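> Take this structure, written in structure tokens, and hold onto it; I'll ask about it next.
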Amino acid sequence: MQLLKLRYRALLLGVLFAPLAQAQPVIKFGVDPSYPPFEQKQPDGSLSGFDIDLGNALCAELQVKCIWVEQNFDGMVPALKARKFDAILSAFSATAARRQQVDFSDKIYTAPSSLVARKDSGLLPTAASLKGKSVGVVQGTLHEAFARAQWGNQGVNIHTYQTQDQVFSDLINGRLDATFQASVQADAGLLQKPQGQDFAFAGEPITDKSIIGDGVAIGIRKNEPELKQQLNTALASIRESGEYQQIAKKYFNFDIYGE
């Protein structure tokens, strides 16, 4: 019986993946490599991070070549629609607003967001606390949209940047009072580093659905159900095999997938 199950599964996977193998031997993922530990560029120019390892694992499962195309985050959706790449794998939350423009895979993980400020600032992620203060966000992100909607019209100065590294730099140099981004990104990209020793999370993490949506997923052009199905099948397979969990353990000491 077990042998029959294995043969059936192999046949099913063969049917699902055969069209991709024939028509698309390569998957191009759009990525903004400025969001450690999810994606970052090494000194030698190579890319690393949880999203990178996850994408490579999905490509290996599908038996296709993985190509990473660098793109500023605020240009991700236009570049996807222009077919610069096949899918977005770059800490891309599946929100209702984004679903109007692109389709999404199943959830790949959950990412709450946090405000970061100097340890003695006393700031909280509220309009009242941040009034008159300057908060940095990456342009085109859900964090920018949330900050403008919740704080920007109540006396909080919202400053946008092309990359998260630029945001952290201005925070460290005193040009910003706080930054707002994914909690894990802030922890790995600043707080765990020597230059971040004077900073800390300010208040509790924000889990508003307008930011986290249905979790982080892979963005896909609309009307491409085949690619979506194949990525979902590959994701389910690496979670079932335990490969997903092994990749996650390299970067996180908690369950990044979430509920």
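> Quick one: helix 2-23 against the long Cα principal axis of the chain, what's the angle to the nearest 10°, folded into 0 to 90?
The angle comes out at about 70 degrees.
> So who's got an amide H within less than 5 Å of the one on Val69, skipping anything under 5 residues away but keeping other chains? H placed 1.01 Å off N, in plane.
Phe29, Gly30, Val31
> In sequence order, what are the phi-derived ³J(HN,Hα) couplings for the stretch 101-112 according to the Karplus relation 6.51 cos²θ - 1.76 cosθ + 1.60 with θ = phi - 60°, rounded to whole Hz, with x for glycine and proline?
Rounded to whole hertz, the list is 10, 9, 9, 9, 6, 4, 4, 9, 5, 10, 9, x.
> Hey, any idea what the orientation-averaged projected area of the convex hull of the chain's Cα atoms comes to, in nm²?
Computing the convex hull of the Cα atoms and averaging its projections yields 14.8 nm².
> Counting alpha carbon pairs within less than 8 Å and at least 6 residues apart, what relative contact order, in whole percent, applies to the chain?
27
> If I model a spin label as a point 7 Å beyond the Cα along the Cα-Cβ vector, how far apart are those points for Lys193 and Asp106 in nm?
Once both label points are built, they end up 3.5 nm from each other.
> Right, next: Could you pull out every one of the lysines with an alpha carbon less than 30 Å from that of Lys107, ignoring same-chain neighbours closer than 8 positions?
Answer for Lys107, where 30 Å is the Cα cut-off: Lys5, Lys28, Lys41, Lys65, Lys81, Lys84, Lys193, Lys209, Lys222, Lys228, Lys249, Lys250, listed by chain and number.
> A further question on this structure: Over the alpha carbons of the stretch 62-199, what is the largest minus smallest coordinate on each principal axis, giving the biggest first in Å?
Between the extreme Cα coordinates on each principal axis of the stretch 62-199 lie 51, 34, 23 Å.
> Test of understanding: what is the full-extension gain from Val69 to Gln229, defined as 0.36 nm times their sequence separation minus their Cα-Cα distance?
Computed gain between Val69 and Gln229 is 55.4 nm.
> On to the next question. Separation between the Lys81 and Thr163 pseudo-spin-labels, each 7 Å from Cα along Cα→Cβ, expressed in nm?
2.7
> Using the basic label-point model (7 angstrom from Cα toward the beta carbon), what is the Lys209 to Arg118 distance in nanometres?
About 3.9 nm, to one decimal.
> A follow-up question, please. Per residue, how much accessible area does the stretch 80-178 have with a 1.4 Å probe, in Å²?
Value for the stretch 80-178: 43 Å² per residue.
> Considering only DSSP beta bridges whose two residues both sit in the chain, what percent are antiparallel, to the nearest 5?
55
> Over the stretch 159-251, what portion of Cα pair distances is larger than 18 Å, expressed as a whole percent?
Result: 63 percent of Cα pairs exceed 18 Å.
> Okay, next question. Enter the angle in degrees (range 0 to 90, nearest 10) between the Cα long axis of helix 225-241 and the first principal axis of the Cα atoms of the chain, meaning the one along which they spread out most.
90
> Normalising by the residue count of the stretch 149-259, find the relative contact order in percent from Cα pairs under 8 Å and 6+ residues apart.
9
> Extension gain Ala149-Lys249, at 0.36 nm per residue separation less the Cα-Cα distance, in nm?
The span from Ala149 to Lys249 would gain 32.5 nm if fully extended.
> A further question follows. Let me spell out the model: positive unit charges on the Cβ of Lys and Arg, negative unit charges on the Cβ of Asp and Glu, origin at the Cα centre of the chain. What dipole size does that give, in debye rounded to 20?
480
> Now for a different question. Can you tell me how much longer the chain between Tyr257 and Arg175 gets when fully stretched, taken as 0.36 nm per residue apart minus their C-alpha distance, in nm with one decimal?
26.1 nm
> In whole Hz and in residue order, list the ³J(HN,Hα) couplings for the stretch 242-259 that follow from phi through the Karplus curve 6.51 cos²θ - 1.76 cosθ + 1.60, θ = phi - 60°; x for Gly and Pro.
x, 5, 4, 5, 5, 5, 4, 5, 5, 10, 9, 9, 8, 7, 5, 5, x, 5
> For the chain, which whole percent of the accessible surface, found with a 1.4 angstrom probe, sits on carbon and sulfur atoms?
Here carbon and sulfur together make up 50 percent of the probe-accessible area.
> Continuing with this model, one more query. Report the Cα centroid-to-centroid distance between the stretch 77-107 and the stretch 138-154 in angstrom, as an integer.
Comparing the Cα centres of the stretch 77-107 and the stretch 138-154, I get a distance of 19 Å.
The values are calculated or read from the model by the stated rules, or taken from the named source; none is laboratory data. The model shown is predicted, which means the values in this text are computed figures rather than measured ones. Quick reminder, even Gly has a Cβ in these numbers, built from the backbone with ideal geometry, and neighbours come from all protein chains shown. Just the protein is used for accessible areas: all its heavy atoms, side chains included, with ligands, DNA and RNA removed. Shrake-Rupley method; radii C 1.70, N 1.55, O 1.52, S 1.80 Å.
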